[in-house]
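Values in this text are rule-based calculations from the coordinates and carry no lab data. Everything numeric here is computed off the predicted structure, so don't read it as measured data. Cβ placement follows ideal geometry from the backbone for every residue including glycine, while neighbour counts extend to all protein chains displayed.
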């Protein structure tokens with residue numbers, strides 16, 4: 001078998017040309033596309049990580065806000081309860097005061113009414129006594145006695 | 001002229017009227033007055049004089065009233 005050096009060389013040149021062409025026309029663009037894709041993927045991952053970090057940060061902030069809101073709500077509720085207690089105590093105190101005043105007034109009115117009734121009764125009794133006594137005395141008085149009483153009365157007035 | 005009212009249970013005779021005038025004069029300090037006589041059996045007995053816003057009550061009814069109030 002004869003070795004054809006020329007053909008081998010030609011084949012080698014042919015291979016080199018094909019390899020060069022493939023390298024220039026196919027491998028480099030593919031590599032560039034792959035590199036670009038890889039870069040985009042990395043950027044996507046980074047963006048995703050950043051986004052996740054931001055989301056976590058937002059979650060934390062939201063939880064902080066929620067916690068603060070809850071604390072504030074608790075404080076407001078506590079204050080409202082305290083206010084309600086104070087107001088209740090004040091209202092109770094005022095109600096007791098008013099009740100005592102009403103009771104005192106009622107007692108005073110009752111005493112006054114009792115005194116008025118007693119006074120009225122006493123007055124009626126006195127009037128009755130005077131009427132009866134007057135009738136008895138009047139029936140006993142003669143003209144002479146009347147004159148004598150008028151004289152005594154005039155003396156009394158004179159010395160008054 | 002001052003009006004002097006005398007209230008009694010019976011009518012005054014002349015002697016008593018004079019005595020009333022004397023007392024009225026003494027109380028008023030002058031003689032310029034008119035005497036008006038009123039009969040009121042409710043006074044029972046005695047005499048009541050009213051003059052210039054003053055009232056002198058020496059009646060039995062008034063005495064009984066005072067006893068009742070005492």
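Meeting the requirement of 3 or more residues that are surrounded by fewer than 19 Cβ atoms within 10 Å (Cβ to Cβ) and more than 10 Å from every other protein chain (Cβ to nearest Cβ), the strands (runs of 3 or more DSSP E) wholly within chain B are B:2-8, B:33-39. Residues that are surrounded by 11 or more Cβ atoms within 10 Å (Cβ to Cβ) and at the interface with chain B (Cβ under 7 Å from one of its Cβ atoms) within segment A:126-144 comprise A:126, A:129, A:130, A:133, A:134, A:137, A:138, A:141, listed in sequence order. So is residue A:154 facing chain B (nearest Cβ under 7 Å) and within 19 Å of residue B:65 (Cβ to Cβ) or not? In short, no. Within segment A:114-125, identify whether any single residue is within 14 Å of another protein chain (Cβ to nearest Cβ), surrounded by 10 or more Cβ atoms within 10 Å (Cβ to Cβ) and either part of a loop (DSSP other than H, G, I, E, B) or in contact with a helix residue (DSSP H, G or I) (Cβ under 7 Å, 6 or more places away or on another chain) (or both), and answer yes or no. No; the residues of segment A:114-125 include none that is within 14 Å of another protein chain (Cβ to nearest Cβ), surrounded by 10 or more Cβ atoms within 10 Å (Cβ to Cβ) and either part of a loop (DSSP other than H, G, I, E, B) or in contact with a helix residue (DSSP H, G or I) (Cβ under 7 Å, 6 or more places away or on another chain) (or both).
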